[in-house]
1. Looking at the stretch 31-93, what helices (runs of 4 or more DSSP H) fall wholly within it and have at least 1 residues that are under 12 Å from the mean Cα position of the chain (by Cα) and either of a type outside the set (Lys, Arg) or closer than 19 Å to HIS127 by Cα (or both)?
2. Based on what the data block shows, is LEU77 in contact (Cβ under 8 Å) with a residue 40 or more places away in the chain and closer than 22 Å to ALA29 by Cβ?
3. Is at least one residue of the stretch 11-25 touching a Ser or Thr at 6+ places or on another chain (Cβ under 7 Å), hydroxyl-bearing (Ser, Thr, Tyr) and at pLDDT 95 or above?
4. Say we look at the stretch 94-107 and pick out the residues that are assigned to a helix (DSSP H, G or I) and basic (Lys, Arg); which of these is nearest to LEU71 (Cα to Cα)?
5. So which residues in the stretch 1-20 are crowded, with 18+ Cβ neighbours inside 10 Å and of a type in the set (Gly, Ala, Ser), if there are any at all?
6. Within the bounds of the stretch 115-135, is there any residue that is under 17 Å from LEU6 (Cα atoms), outside any helix (DSSP H, G or I), within 12 Å of the chain's Cα centre (by Cα) and at pLDDT 95 or above?
7. Considering only the stretch 62-79, state which residues are at pLDDT below 80 and loosely packed, with under 13 Cβ neighbours inside 10 Å.
8. Tell me yes or no: at least one residue of the stretch 52-61 is under 22 Å from GLU103 (Cα atoms) and at pLDDT 95 or above.
Amino acid sequence: MNRNDLRGLARTRLREAKSLLDSGHHAGAYYLAGYVVECALKACIAKETKRHDFPDKNKVNASWTHQLTRLVDRAGLSASLDAESKSDPKFGLRWGVVKEWTEESRYITVSEQQARDLLTAITDSRHGVLRWLRRYW
């Protein structure tokens, strides 16, 4: 799996999440929406890999997680996230919604509003998390 694969997967998961939400499958939409951000962050991490370089084991191991805040850190985006949150309070609110997602979301029931809130937090064209991540992937 490479950077382009991960970006494509993020786009695919976004379409699938929207489709699930539109068909009334809120929990599934919520769950897949989180993977949009995870894949986008992993694309950011993959961008760091240089041809013919042997990757640092600790960096590689730190990338094998579903925890979005850890992936932000691993991608080297913590300072950017802080700066973006300070300069755009709406973005900060959107990130606050997104960072609550976990891989364990597959075991919970969420309302339609929770699923919509997560998708909005990800896709908002002016303040969304995916808009921010696209700068780095």
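The values are calculated or read from the model by the stated rules, or taken from the named source; none is laboratory data. Computed from a predicted structure; not experimentally measured. Glycine gets a Cβ as well: all are built from the backbone with ideal geometry, and neighbour counts include every protein chain shown.
1. Numbers: elements: 57-63, 68-74, 78-87.
In the stretch 31-93, 68-74 are the helices (runs of 4 or more DSSP H) which contain 1 or more residues that are under 12 Å from the mean Cα position of the chain (by Cα) and either of a type outside the set (Lys, Arg) or closer than 19 Å to HIS127 by Cα (or both).
2. Spelling it out, it is not the case that LEU77 is in contact (Cβ under 8 Å) with a residue 40 or more places away in the chain and closer than 22 Å to ALA29 by Cβ.
3. Within the stretch 11-25, none of the residues are touching a Ser or Thr at 6+ places or on another chain (Cβ under 7 Å), hydroxyl-bearing (Ser, Thr, Tyr) and at pLDDT 95 or above.
4. Narrowing the stretch 94-107 to residues assigned to a helix (DSSP H, G or I): 94-98, 103-107.
If we keep only those that are basic (Lys, Arg) as well, we get 94, 106.
On the way: ARG94: 17, ARG106: 19 Å.
This residue is ARG94.
5. If the condition is that a residue be crowded, with 18+ Cβ neighbours inside 10 Å and of a type in the set (Gly, Ala, Ser), then ALA10, ALA17 are the ones that fit.
6. Yes; the residues of the stretch 115-135 include at least one that is under 17 Å from LEU6 (Cα atoms), outside any helix (DSSP H, G or I), within 12 Å of the chain's Cα centre (by Cα) and at pLDDT 95 or above.
7. TRP64
8. no
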